[in-house]
Amino acid sequence: MQKQKIGVIGWLYHGHMHTFYNNDFGTTVAACDTNVEIVKRFQADHPEAGIFTDYREMAEKEALDAVIISTPNWLHREMAVYFLERGINVFLEKPMGINREEIDAILAAQMKSGKICAVDFEMRVSREHRRIKEIISSGEIGEPCGFEFIHHRGAWLAEGRGVWRTKPEMSGGLAMMEGCHRIDAARSLLGEVTHVQSFSFPNVLPQYNHGNMRDNEIIHLWFEKNRRGMILHSHTSSVFDAGIQDYAKLGHDYGYIITGSEGCIRVNINEKSVLVCCYEDYHPDAKKGRRAAFKKLEDYSAMSEEKFDHDIVGNHMVFIKCCATGEPFHQSTLDAWKTHVVCLAADKSADEGSSRIPVDYRMPV
């Protein structure tokens, strides 16, 4: 095992979380951000770490083993390829890039380098996703056959980070910004996506009207084994400044259902709960069929939202450990790339009349 020297780029502080690590597997030795005030704050908090406003200078002056890149989307390809070509392991905030050319370039660079390029689909290590995989694997709901995800949330405004999020040429569009998380989770739970079909209602939020940026999207997914799925994201019907305690009555909902042959799972992410139902005979003598019956309700409300659904820190820790020990990261770059390919296919369907199209998994030459 080799303790890793880690550089962090962007998003040095986010609420109560900041990207300084020091454990048996690695330590943060350098931090980079174009905001001078932020890097000065980081230096004051961690004087042992070098600070930089240029990631290339950081790479030249620090003997880095790994980097954590948390910059805006249009910078991901540039930075990831740069570090992979230098033989440095990369943890990259999602999405990998904003178009097919960019994600192909990162996959090619990773394959050539042989280094880890982990993409932050942190839901795979979060409690709710791991728990749902356990329930499915146990056979409690039989054979999975359907996936429904719905998220009504507040809009991004054309200010701060919202300025680039609402521009597809900088963010990649709504499927890359939001849909990618749930498409990736659905692939992990139900298997590979073969076809997609998507559409959007007409935009009502003017700040989204840059090119093909949508303020809503509905994506239909066809999986192997005749499984089906649906993902809905909408930014147009939830009160913008609602606190989480008022989400239910002010238009915010966030959760999904896995339907199986013998039961179903309903996850309420806002309330941090998991409902499991089984199918029971409604009236055996009358032979009227079956209905969903309560089996159990698991309450995770004492857990933080990050741990329950967005465990970014946990994913960082797995990455650092893998770099130190030589173990493979739990999701290969190729697998993450496939999630992005599905997102691009979803956008293509919506752009071209909402037709059902096959997903193009041809790898870059």
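None of the figures in this text is laboratory data; all of them are computed from the coordinates on show. Predicted model, so just to flag it, every value in this text is computed and none were measured. Glycine gets a Cβ as well: all are built from the backbone with ideal geometry, and neighbour counts include every protein chain shown.
Beta bridges from DSSP with both residues in segment 176-256: antiparallel share about 100 percent, rounded to the nearest 5.
With a simple spin-label model that places each label point 7 Å from the Cα along the Cα-to-Cβ direction, the separation between HIS210 and THR53 comes to 2.3 nm. Could you give log10 I(q)/I(0) at q = 0.06, 0.15 Å⁻¹ for the chain, computed by the Debye formula over C-alpha point scatterers of equal weight, without solvent? At q = 0.06, 0.15 Å⁻¹ the computed log10 ratios are -0.24, -1.44. If R₀ is 51 angstrom, what is the calculated FRET efficiency for the pair LYS287 and THR194, using the beta carbon separation as r and rounding to 0.05? After rounding to 0.05, the efficiency reads 0.90. Over the residues of the chain, the helix contribution to mean residue ellipticity at 222 nm works out to -9000 deg cm²/dmol, using -39500 (n - 2.57) for each DSSP H run of at least 4. Here the extension length gained between ARG362 and MET111 equals 88.9 nm, from 0.36 nm per residue of separation less the Cα-Cα distance. The distance separating the Cα centre of segment 140-191 from that of segment 9-84 comes to 26 Å. When peptides 57-64, 93-100, 125-132 are ranked by their average number of other Cβ atoms within 10 Å per residue, the highest-first order is 93-100, 125-132, 57-64. Once backbone amide H atoms are built at 1.01 Å from N, MET230 has PHE147, GLU148, PHE149, LEU221 as its partners under 5 Å, excluding neighbours fewer than 5 places away on the same chain.
Amide hydrogen proximity for ARG290: with H placed 1.01 Å from N in the peptide plane, the residues at 5 or more positions away or on another chain lying under 5 Å are TYR282.
Looking at the chain, what % of its DSSP beta bridges pair antiparallel, to the nearest 5?
Values: 46 of 73 bridges.
Beta bridges within the chain, antiparallel portion: roughly 65 percent.
With bins 5 Å wide beginning at 0, the percent of Cα pairs of segment 91-149 falling in each bin runs 4, 15, 16, 17, 12, 13, 15, 8, 1.
Model label sites at LYS3 and ALA44, defined 7 Å from Cα along the beta-carbon direction, differ in position by 2.8 nm.
For trypsin sites (Lys or Arg not before Pro), the sites in segment 158-240 that DSSP calls loop and that have at most 13 other Cβ atoms within 10 Å are ARG161. Couplings 3J(HN,Hα) of segment 312-326, computed from phi: 5, 4, x, 5, 4, 5, 5, 4, 4, 4, 5, 4, 6, 9, x Hz, in residue order, whole Hz [Karplus 6.51 cos²θ - 1.76 cosθ + 1.60, θ = phi - 60°; x for Gly and Pro].
When the chain is fully extended, how far beyond the present Cα-Cα distance does THR34 get from ASP241, taking 0.36 nm per residue of separation? Write out the running numbers ahead of the final one.
Working: separation 207, 0.36 × 207 = 74.52 nm, distance 2.86 nm.
Working it through step by step, the gained length comes to 71.7 nm.
Roughly how large, in nm² to one decimal, is the mean projection of the convex hull of the alpha-carbon atoms in segment 11-130? Mind showing how you got there, number by number?
Values: hull surface 33.7 nm².
Averaging across all directions leaves 8.4 nm² for the Cα convex hull.
Counting other beta carbons within 10 Å of each residue's own, what order do ILE6, ILE141 fall into, fewest first? Before the final figure, lay out each step's value.
On the way: ILE6 30, ILE141 23.
Ranking ILE6, ILE141 by Cβ neighbours within 10 Å, fewest first, gives ILE141, ILE6.
Can you give the FRET efficiency for SER301 and ASN23, using 1/(1 + (r/R0)^6), R0 = 25 Å, r = Cβ-Cβ distance, to the nearest 0.05? Working from the Cβ atoms, E equals 0.30.
Rounded, prolate or oblate: pick one for segment 210-351, where a ≥ b ≥ c are the square roots of the eigenvalues of its C-alpha gyration tensor, a/c under 1.5 means rounded, and failing that, prolate if a/b is larger than b/c, else oblate.
Details: a/c = 1.40, a/b = 1.32, b/c = 1.06.
Rounded, since a/c falls under 1.5.
Computed from the C-beta positions of ALA158 and SER355, the FRET efficiency with R₀ = 25 Å rounds to 0.20.
Subtracting the Cα-Cα distance of ASN226 and THR325 from their residue separation scaled by 0.36 nm leaves 31.7 nm.
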